[in-house]
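Engineer: Handing you a structure now.
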């Protein structure tokens, strides 16, 4: 076999491996996007029900991002977004049950949806891992741990979304174990005269 034939044989093998890898990554990414559609729609519906119940809850959606807010309380807000691409999970709480150990094989990759809230700082406070087979797992501030499937019944998805919106209401109303405590200064007379509020720290039950 000459050089060109040997090179073409190897390159075609590379092409097959690349197609497999890219296909698996695309499947995980699409699963995450499909679940984000159901998640965002559920959060919008539950937000509407919360308004009917008398809560000032807003839900604004823009492409792959959903923003929620309860009243004008800064901490009682959250934003959720689906990420592009897929990768291996290293957190055991988010790892698929069939993956017995950390692996870089794209067959075990997950797509991700992240949630942020001022109550938790700048880092993501809720992480969803969505796998090619439709399994999803999450952990974070609003829901400590949970799992399900992308094709779960609508009632199950909406019930899960109710837990998230309920967590936001807790942040706004200081219910469900959430509370505020006086933080340590500094706080001067000039701060008071300028109308600056004394610093407080939010307590969130874990």
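Engineer: Taking only C-alpha pairs under 8 Å that are 6+ residues apart, what is the relative contact order of the range 3-173 in percent? Let's see the in-between values first.
Structural biologist: Details: 294 pairs, mean separation 40.0, N = 171.
Value for the range 3-173: 23 percent.
Engineer: Taking the Cα centroid of the range 13-63 and of the range 124-190, what is the distance between the two, rounded to the nearest whole Å?
Structural biologist: Cα centres, the range 13-63 to the range 124-190: 16 Å.
Engineer: Which order, highest average first, do 137-148, 32-43 follow once you tally other Cβ atoms within 10 Å for each residue and take the mean per peptide? Present the calculation step by step, with values, prior to reporting the outcome.
Structural biologist: Working: 137-148: 17.7, 32-43: 20.3.
Descending mean neighbour count gives 32-43, 137-148.
Engineer: Given that just one value was derived from the coordinates, which of (i) 8, 28, 27, 17, 10, 6, 3, 1, 0; (ii) 9, 34, 33, 19, 5, 1, 0; (iii) 9, 33, 33, 14, 8, 3, 1, 0 is P(r) over Cα pairs in 10 Å bins from 0, in percent?
Structural biologist: It is the value labelled (i).
Engineer: Okay, moving on. Extending each Cα 7 Å along its Cβ direction at residue 3 and residue 105, get the distance between those two points in nm, one decimal.
Structural biologist: Result: 3.6 nm between the two label points.
Engineer: For the Cα atoms of the chain, what angle does the longest principal axis make with the long axis of helix 3-52, in degrees from 0 to 90, nearest 10?
Structural biologist: 30 degrees
Engineer: Now, a different point. For a quick protection proxy, order the peptides 4-17, 165-178 by their average other-Cβ count within 10 Å, most packed first.
Structural biologist: Descending packing order for the listed peptides: 165-178, 4-17.
Engineer: For residue 147 and residue 196, what does the FRET efficiency come to when R0 = 45 Å and r is the distance between their Cβ atoms, rounded to the nearest 0.05? Provide the component values of the computation, followed by the final result.
Structural biologist: Details: r = 44 Å, r/R0 = 0.98.
So the FRET efficiency works out to roughly 0.55.
Engineer: Give the residues of the range 125-157 whose amide nitrogen is closer than 20 Å to a point set 7 Å from the Cα of residue 90 in the direction of its Cβ.
Structural biologist: 125-131, 137-140
Engineer: Right, next: Taking the Cα-to-Cβ direction at residue 14 and at residue 60 and moving 7 Å from each Cα, how far apart do the two end points lie in nm?
Structural biologist: About 4.8 nm, to one decimal.
Engineer: Mind checking the angle between helix 154-173 and the chain's longest principal axis? C-alpha axes, 0 to 90 degrees, to the nearest 10.
Structural biologist: It is inclined by approximately 40 degrees.
Engineer: Continuing with this model, one more query. To the nearest 0.05, what FRET efficiency results for residue 114 and residue 41 with a Förster distance of 22 Å applied to their C-beta separation?
Structural biologist: For residue 114 and residue 41, the calculated efficiency is 0.80.
We did not get these values from a lab; they are worked out from the coordinates using the rules stated. Small disclaimer: the values here were computed from a predicted structure and weren't measured. For neighbour counting, all protein chains shown are included, and Cβ atoms are generated from backbone atoms with ideal geometry for every residue, glycine included.
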